[in-house]
Amino acid sequence: MRSVVRKPQCERVCYDAPSFPPAIHSLSIDLHTHSTYSDGVLSPADLVRRAVSRGVDLLALTDHDDTGGVAEAQDAASDLDIVVVPGVEISAIWSGQTIHIVGLDIDVRAPELADGLTSIRHSRGERAIRIAAQLDAAGVTGSLQGATRLAGSSAAVGRSHFARFLVEQKYVRNSDDAFRRYLGTGRAGYVPPSWPDAAQAIAWIHGAGGQTVLAHPDRYRLSPRVMQSLFTDFRHSGGDAVEISGDGRYKSSAQVRLARRFGFALSSGSDFHAPGKNVADLGDVTEIPSGMPAVWQRLRTRK
Ligand code: AMP
Ligand code: MN
Ligand code: MN
Ligand code: MN
């Protein structure tokens, strides 16, 4: 049990928390972050230390398709004033397109989840080989070695690593440019992914005792009708919560209203990958409107 005296006024988005953890009356919460175990640039321990320095009390590590960093993050947190929630962000297919499902409060040793994530990382490896071959045909050489080097030894290769290689080799000016010109849907280096169904990802997370969060629905560029169909299917598959991300304008957004109608809790996280200008840092999250259930209230993780 933690026995800390909290500053009475929290500097970021904070929540009154009379019961979680006890003795704390104001919490800064960030439930979506990445480390070097996927496409983040900080090791899990450095991520935790940065979160502490920014006043975050409750942090979920949610690497893409990998829980390998959770133990290191929890180790780093053990003598610091922060609680780390074991998490993951699973790449999945819904209605022919990629969506992300965040799992929070998971048992990382649950065999079906662990096997499922292993198979996704395997298909990332195969996709990387095909992406590199297509980039090669488009005149970009050496991208598999480059992306693999940038991913480091602990991460499966993803498009972010190819994007960093394209920036490093000056094919493009920045990561957005890399996706726009080479890696985005329909571009020269695009390979359709073979992720599991969203319902399958949800079942793995539930099998591991976790809460399922539909990640950043605002980023899927769906019409209101299709968004509603996504929420409907998410509910039928047993989905628990919807993430509100972005710049704080979502208080009265369509997603919050939809979440209320569908009975989903809300989650909020920075989706931090790296420190930088114009990107959310740890603890920079969108406030959950009062009166809406928050997913962190359902988490069991304690120190
Ligand atoms: P992957 O899961 O390997 O297909 O890579 C997707 C990841 O690339 C996302 O999780 C983001 O971190 C990153 N990314 C950065 N910019 C973009 C973009 N413009 N479009 C899609 N993904 C992006
Ligand atoms: Mn990412
Ligand atoms: Mn995502
Ligand atoms: Mn993410």
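The values are calculated or read from the model by the stated rules, or taken from the named source; none is laboratory data. Predicted, not measured: the structure shown is a model, and the values here were computed from it. Backbone-built Cβ (ideal geometry, glycine too); neighbour counts: all protein chains shown.
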Review point. Within the stretch 168-190, is there a residue that is polar (S, T, N, Q) and surrounded by 23 or more Cβ atoms within 10 Å (Cβ to Cβ)?
Key: no
Review point. Which members of the stretch 24-66 meet the condition of being assigned to a loop (DSSP other than H, G, I, E, B), of a type in the set (S, T, N, Q) and within 16 Å of ligand 1 (Cβ to nearest atom)?
Key: Ser35, Thr36, Ser38, Thr62
**Study point:** Wholly enclosed helices (runs of 4 or more DSSP H) of the stretch 194-303 bearing at least 2 residues under 16 Å from the mean Cα position of the chain (by Cα)
**Key:** 198-207
Exercise for review: Could you list all residues from the stretch 95-109 that are crowded, with 21+ Cβ neighbours inside 10 Å and of a type in the set (A, V, I, L, M, F, W, C)?
Suggested key: Ile99, Ile101, Val102, Leu104, Ile106
Practice item. Residues being of a type in the set (A, V, I, L, M, F, W, C) and farther than 21 Å from Asn278 by Cβ: count how many of those fall in the stretch 159-180. Key: 2
Review point. Looking at Ser194, Ser160, which one is within 25 Å of Ser95 (Cβ to Cβ) and in contact with a Ser or Thr (Cβ under 6 Å, 6 or more places away or on another chain)?
Key: Ser194
Practice item. Determine, yes or no, whether Asp81 is under 19 Å from the mean Cα position of the chain (by Cα) and touching a residue at least 40 places away in the same chain (Cβ under 8 Å). Key: no
Review point. Which ones in the stretch 48-107 are within 16 Å of ligand 2 (Cβ to nearest atom) and closer than 16 Å to Val285 by Cβ?
Key: Ala60, Leu61, Thr62, Gly87, Glu89, Val102
Study note, to complete from the structure: When restricted to Ala151, Ala128, Ala138, the only residue within 30 Å of Leu230 (Cα to Cα) and either surrounded by fewer than 18 Cβ atoms within 10 Å (Cβ to Cβ) or at pLDDT 95 or above (or both) is Ala128
**Study point:** Filter pass, Trp204 being within 15 Å of ligand 3 (Cβ to nearest atom), among the hydrophobic types (A, V, I, L, M, F, W, C) and either within 24 Å of Asp105 (Cβ to Cβ) or surrounded by 20 or more Cβ atoms within 10 Å (Cβ to Cβ) (or both)
**Key:** no
Exercise for review: State all residues of the stretch 34-46 that are out of contact with any His (no Cβ under 8 Å at 6 or more places or on another chain), within 16 Å of ligand 4 (Cβ to nearest atom) and of a type outside the set (Phe, Trp, Tyr); if no residue qualifies, say none.
Suggested key: Ser35, Thr36, Leu42, Pro44
Check your understanding: Restricting attention to the stretch 160-170, does a residue exist that is under 17 Å from the mean Cα position of the chain (by Cα) and of a type outside the set (Phe, Trp, Tyr)?
Key -> yes
Review point. Quick one: Tyr220 ticks every box in (1) over 25 Å from Arg12 (Cα atoms); (2) touching an Asp or Glu at 6+ places or on another chain (Cβ under 8 Å); (3) modelled with pLDDT under 95; (4) not β-branched (Val, Ile, Thr) bar one, so which box is it?
Key: (2)
